[in-house]
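Please read the structure below before turning to the comments.
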Protein chains: 4
Amino acid sequence: EAPFVLIAGPCQIESLQQATEVADALHGIATKLGIGLIYKSSFDKANRTSINGARGVGMAQGLDILSQVRARFGMPVLTDVHQPDQCAPVAEVADVLQIPAFLCRQTDLLLAAGQTGAAVNIKKGQFLAPWDMANVAAKVASTGNDRIMLCERGTSFGYNTLVNDMRALPIMAGTGHPVIYDATHSVQQPGGLGSASGGQRVFAPILARAALAIGVAGLFIETHPDPDTAPSDGATMLPLECMEDLLTTLLRYDRLTKQNPPDVII
Amino acid sequence: EAPFVLIAGPCQIESLQQATEVADALHGIATKLGIGLIYKSSFDKANRTSINGARGVGMAQGLDILSQVRARFGMPVLTDVHQPDQCAPVAEVADVLQIPAFLCRQTDLLLAAGQTGAAVNIKKGQFLAPWDMANVAAKVASTGNDRIMLCERGTSFGYNTLVNDMRALPIMAGTGHPVIYDATHSVQQPGGLGSASGGQRVFAPILARAALAIGVAGLFIETHPDPDTAPSDGATMLPLECMEDLLTTLLRYDRLTKQNPPDVII
Amino acid sequence: EAPFVLIAGPCQIESLQQATEVADALHGIATKLGIGLIYKSSFDKANRTSINGARGVGMAQGLDILSQVRARFGMPVLTDVHQPDQCAPVAEVADVLQIPAFLCRQTDLLLAAGQTGAAVNIKKGQFLAPWDMANVAAKVASTGNDRIMLCERGTSFGYNTLVNDMRALPIMAGTGHPVIYDATHSVQQPGGLGSASGGQRVFAPILARAALAIGVAGLFIETHPDPDTAPSDGATMLPLECMEDLLTTLLRYDRLTKQNPPDVII
Amino acid sequence: EAPFVLIAGPCQIESLQQATEVADALHGIATKLGIGLIYKSSFDKANRTSINGARGVGMAQGLDILSQVRARFGMPVLTDVHQPDQCAPVAEVADVLQIPAFLCRQTDLLLAAGQTGAAVNIKKGQFLAPWDMANVAAKVASTGNDRIMLCERGTSFGYNTLVNDMRALPIMAGTGHPVIYDATHSVQQPGGLGSASGGQRVFAPILARAALAIGVAGLFIETHPDPDTAPSDGATMLPLECMEDLLTTLLRYDRLTKQNPPDVII
């Protein structure tokens, strides 16, 4: 049975040079470990905590960079969309369109994403129960596109804090769609730094182990050559240099779970 | 000192006839009681729980109906926007643009709304702390438009449940912007009916009292001639026939608080 | 109709002199305002955050002080019990036995308290839903003692934070028992200072207004001549010197609600 | 390195015959798998949801049964204590005294348990943050007894629901005390059945996997020959007949984590 799929890359597209560097490193690791890789990076951070947060390179330049990465390494790419009219042009480059968590109930965006025929990765809103995602997925599926992934990235727990209810993984899998665990956004502390989100990078690796012990189709991990200088999500991204060791370990959990499939039927 | 402002109307615009009927009734009550009234109704329910939920009449017809209501009764109208490009055309009719809670961190929407020069009512996201709204308001204010209202409508509390932290009212008022209390969405049970949101209409009137006892600039109350047959939010909307008695009582709390201003300085 | 009952006093009994001073001041205010007063103070803080937190004067000395206060001012006293065997001796002095929130499901304590025949004020556990309190009250009522009060003092909301769900007030009133709103513990930040609980005293007065706007039988307010030097709960207790003005205002809300009873039937 | 320790048994002691049957089965499995076993069962359910919930056989009979189990199988036993004066007599039989979650801040109970010199397993209160447990453990340690275990069993998440924040495991381990994961109480739905707690037994095995993937010193699993007829916690206990297969799988995760220790330093 194939290993989990890895969706990874820096939070935002900073430059062609950086994208190429990160993609090259990840591509090398994934090839070595036999992991399917989807390169992830955003052209626009459309909902930063503060107006002063860096937005990114924009759609035109971002898609250009992603298409170069895609061509050079021959791997699929994922990026997020925020408006229905972005879906078609983005789908000309991206293999997977991602629906941000805050937007996961915006019907028009889900429909436009579905209509492209591209795969769609839907982040579970921090304000939704895992069982609510069946209705969300059905919006995309109503377009005839059932290439849907559902992604756990934490649920609101008091103020400025998220918690992963790990029961969400099998509950969302009960929809029949593959489930992705987002290890780095799950340790975000939204708004926790006043005018930016904080985070607890240290917990991402162990939570990823936990998710694989339960069983997921894929992991989502943001990574950066130097997270502490990144323009966004620096507190949660994992250093690129740690990825090979981390993935090597995570693969062992994935393999063990595939040898010992749990029999949770929701 | 003037009484609280009332933002009220049916969740969605169903027809000119119905909008006129509800606006007429509300206008009569507001005039009689000396309350400032903003008529609220949505042309598109863009984030229904399920794909099968009724979306509404659409922007063209909706704005036409709102403009007729506005002209006939000479009162301001409010409606919500979901895409940046809706802001300018909506602002030609609506006096207040409303940012839905799920969208309250979408920078482009906030900027587009601000740039119209219209007043902007921002619902606090269910996933945000009240102090996070200062950053949200600053996005709108960065356009030079400081006609901003912040609206409490509940915070995620476990699954399918919202809770009002009443401390949010003075905390958000600490931004200097008027605070609105949304009594009917606060008693929503998101996704609580499986493929629709449920609600507890019975609690809306007493929570509105509580908000006025603390002190708010305005109340947001959805109302309908026959909530149980409404196409959306029927479980939370208040029957139109109850509004006069309710507002008569609520005005007493408003008056008492204005006579006894609390000295909470955040 | 009589005004709300006030349960008030310093968090812990510090000395006869202090108890007398506080009781004298509160008795004067209550008499002047026509409010029924129950003097509250604890002889043992049995569940401090840290082992280094001051425990109090102990049961023997504490009951002695309470009995002197009771005799001198002719007013009922309330204190909390932590073990079943404390109930009978405490009930020889105290008119009301209070069940701490953490202990509100301890059956033997509830039964022992009920068996004394004294009134029993049960704090709702931070871990309980308001509707769970019907079962809690039924434990006391099973002793044949129906002199039961249910007290809202906040519900766990993420870490180190409490929130008042104001719907709890009518929901608990649905049991038929009088409901008390605890304004000062509701603004506690449990464990928020690392080795002690923090708090937000500033919000207690407005939350008390909100509770009275909804309607409660009584208020619980801890007060101290100099909260910042108090051995416990200093961050939440209200300065004694503020109490007369506060109660004067709160009475207006109480009166308004009694003139306008809400018709919430749960 | 030794495998995780298993704390297991039926929620309450029902009879000598049943205790012997369950202990025999568990002893056989543990011996076969090389797992250290502590037999767990309660003589008194002191905080049932309802007055009508079965309390148990009581301390005298309970300790007699536990001592027979202990002698017959030569294995340590654990039971919970609810009053300080229970600690000394219970410690004459039990190797581990357990502090129930609701009682985890009761200083006298913690001190009395510590003073026995027995090991003390402290359940984290549903109302506490994981970092709050350092203060709790320090109360026991102040007696000179550092044989302390800290146990995760879920945190309040809205009403009638618990969630495991898996970050709690390394955070509590940061105290230096061994951490136990309670798989069956973590899936409780407190008060969820109206007059009893419900639960989701189906999730316990996968959550136990997740905890072992992160790394814990031990697992706590309630088990029963026929959970659906058990007098308490039937909705969460695992069928005894499933235990061998479950533990066999869980050991693989434990072993993998011991081969790949995570480097989370809190």
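The values are calculated or read from the model by the stated rules, or taken from the named source; none is laboratory data. Computed from a prediction, not measured in an experiment: that's the story for all the values here. With ideal geometry, Cβ positions are generated from the backbone for all residues, glycine too; neighbour counts draw on all protein chains shown. The accessibility values were calculated without ligands, DNA or RNA, using every heavy atom of the protein model including side chains. Shrake-Rupley method; radii C 1.70, N 1.55, O 1.52, S 1.80 Å.
Taking the stated definitions as given, is B:A8 open to solvent by less than 40 Å² (accessible area, probe 1.4 Å) and without any contact (Cβ under 8 Å) to a residue 60 or more places away in the chain?
It is false that B:A8 is open to solvent by less than 40 Å² (accessible area, probe 1.4 Å) and without any contact (Cβ under 8 Å) to a residue 60 or more places away in the chain.
With the checklist (1) of a type outside the set (F, W, Y); (2) open to solvent by less than 10 Å² (accessible area, probe 1.4 Å); (3) under 18 Å from the mean Cα position of the chain (by Cα) in hand, flag the one item B:T107 doesn't pass.
Among (1) of a type outside the set (F, W, Y); (2) open to solvent by less than 10 Å² (accessible area, probe 1.4 Å); (3) under 18 Å from the mean Cα position of the chain (by Cα), the lone unmet condition for B:T107 is (3).
Checking the condition more than 10 Å from every other protein chain (Cβ to nearest Cβ) and out of contact with any Asp or Glu (no Cβ under 6 Å at 6 or more places or on another chain), which residue from D:L238, D:L207 passes?
Criteria check complete, one pass: D:L238.
Among the numbered criteria (1) of a type in the set (D, E); (2) surrounded by fewer than 24 Cβ atoms within 10 Å (Cβ to Cβ); (3) within 27 Å of B:N164 (Cα to Cα), which one does C:D95 miss?
Status for C:D95: all satisfied but (3).
Could you tell me which residue of region B:243-266 is farthest from the other protein chains (Cβ to nearest Cβ), considering only residues that are part of a helix (DSSP H, G or I) and free of Cβ contacts under 8 Å to residues at least 24 places away in the same chain?
The residue in question is B:D245.
Could you check how many residues of region A:156-202 are over 15 Å from the mean Cα position of the chain (by Cα), farther than 12 Å from A:Q126 by Cα and among the β-branched types (V, I, T)?
Here the count works out to 3.
Looking at region C:89-134, which of its residues are within 13 Å of chain D (Cβ to nearest Cβ) and of a type in the set (G, A, S)?
Across region C:89-134, the qualifying residues are C:A101, C:A112, C:G114, C:G125, C:A129, C:A134.
Which of the residues spanning region A:186-195 are of a type in the set (S, T, N, Q) and either more than 15 Å from A:M166 (Cα to Cα) or within 8 Å of another protein chain (Cβ to nearest Cβ) (or both)?
A:Q188, A:Q189, A:S195, listed by residue number.
Among what's in region D:214-259 and is of a type in the set (S, T, N, Q) and open to solvent by 20 Å² or more (accessible area, probe 1.4 Å), pick the residue that is farthest from A:L256 (Cα to Cα).
Per the criteria, the residue is D:T229.
Give region B:126-159 a look and list any residue that's surrounded by 21 or more Cβ atoms within 10 Å (Cβ to Cβ) and in a loop (DSSP other than H, G, I, E, B), or say none.
B:Q126, B:F127, B:L128, B:A129, B:R153, B:G154, B:F157, B:G158, B:Y159, listed by residue number.
Could you say whether any residue in region A:51-72 is in a strand (DSSP E or B), polar (S, T, N, Q) and under 19 Å from the mean Cα position of the chain (by Cα)?
No: zero hits.
Anything in region B:160-176 that is farther than 22 Å from C:L169 by Cβ and surrounded by fewer than 24 Cβ atoms within 10 Å (Cβ to Cβ)? List them, or say none.
B:A173, B:G174, B:T175, B:G176
Return the only residue of A:Q86, A:Q61 being within 14 Å of another protein chain (Cβ to nearest Cβ) and at pLDDT 95 or above.
When all the criteria are applied, what remains is A:Q86.
Would you please name the residue that is nearest to C:L162 (Cα to Cα), looking only at residues in region C:172-185 that are outside any loop (DSSP other than H, G, I, E, B) and within 14 Å of chain D (Cβ to nearest Cβ)?
Looking at residues that are outside any loop (DSSP other than H, G, I, E, B) and within 14 Å of chain D (Cβ to nearest Cβ), I get C:H185.
Looking at (1) touching a helix residue (DSSP H, G or I) at 6+ places or on another chain (Cβ under 7 Å); (2) of a type in the set (A, V, I, L, M); (3) not in a helix (DSSP H, G or I), which one does D:V90 not meet, given that it meets all the others?
(3)
Since C:G198 meets every condition but one in (1) at pLDDT below 95; (2) open to solvent by 10 Å² or more (accessible area, probe 1.4 Å); (3) more than 14 Å from chain A (Cβ to nearest Cβ), which condition does it not meet?
(2)
Suppose the filter is among the β-branched types (V, I, T), in contact (Cβ under 8 Å) with a residue 40 or more places away in the chain and surrounded by fewer than 24 Cβ atoms within 10 Å (Cβ to Cβ); does B:V57 pass it?
yes
Going through A:L16, A:L33, A:L37 one at a time, which residue ends up being free of Cβ contacts under 8 Å to residues at least 40 places away in the same chain and more than 14 Å from every other protein chain (Cβ to nearest Cβ)?
One residue alone meets the criteria, A:L37.
Residues being part of a helix (DSSP H, G or I), more than 20 Å from C:C151 (Cβ to Cβ) and not polar (S, T, N, Q): count how many of those fall in region C:196-242.
6
Any chance you could count how many residues in region A:71-81 are open to solvent by less than 20 Å² (accessible area, probe 1.4 Å) and not polar (S, T, N, Q)?
Residues flagged as open to solvent by less than 20 Å² (accessible area, probe 1.4 Å) and not polar (S, T, N, Q) within region A:71-81 amount to 5.
When you scan region B:146-165, how many residues do you find that are more than 16 Å from B:Q200 (Cβ to Cβ), away from chain D (no Cβ under 14 Å) and touching a strand residue (DSSP E or B) at 6+ places or on another chain (Cβ under 7 Å)?
Summing the residues that are more than 16 Å from B:Q200 (Cβ to Cβ), away from chain D (no Cβ under 14 Å) and touching a strand residue (DSSP E or B) at 6+ places or on another chain (Cβ under 7 Å) in region B:146-165 gives 6.
Going by the structure shown, is D:I122 open to solvent by less than 30 Å² (accessible area, probe 1.4 Å) and more than 30 Å from C:K123 (Cα to Cα)?
Against the criterion (open to solvent by less than 30 Å² (accessible area, probe 1.4 Å) and more than 30 Å from C:K123 (Cα to Cα)), D:I122 does not qualify.
Scanning for something more than 14 Å from every other protein chain (Cβ to nearest Cβ) and in contact with a Cys (Cβ under 8 Å, 6 or more places away or on another chain), does region C:41-48 turn up at least one residue?
Within region C:41-48, one or more residues are more than 14 Å from every other protein chain (Cβ to nearest Cβ) and in contact with a Cys (Cβ under 8 Å, 6 or more places away or on another chain).
Of the conditions (1) touching a strand residue (DSSP E or B) at 6+ places or on another chain (Cβ under 8 Å); (2) within 14 Å of chain C (Cβ to nearest Cβ); (3) among the basic types (K, R), D:R55 satisfies every one except a single condition; which number is it?
The one condition D:R55 does not meet is (1).
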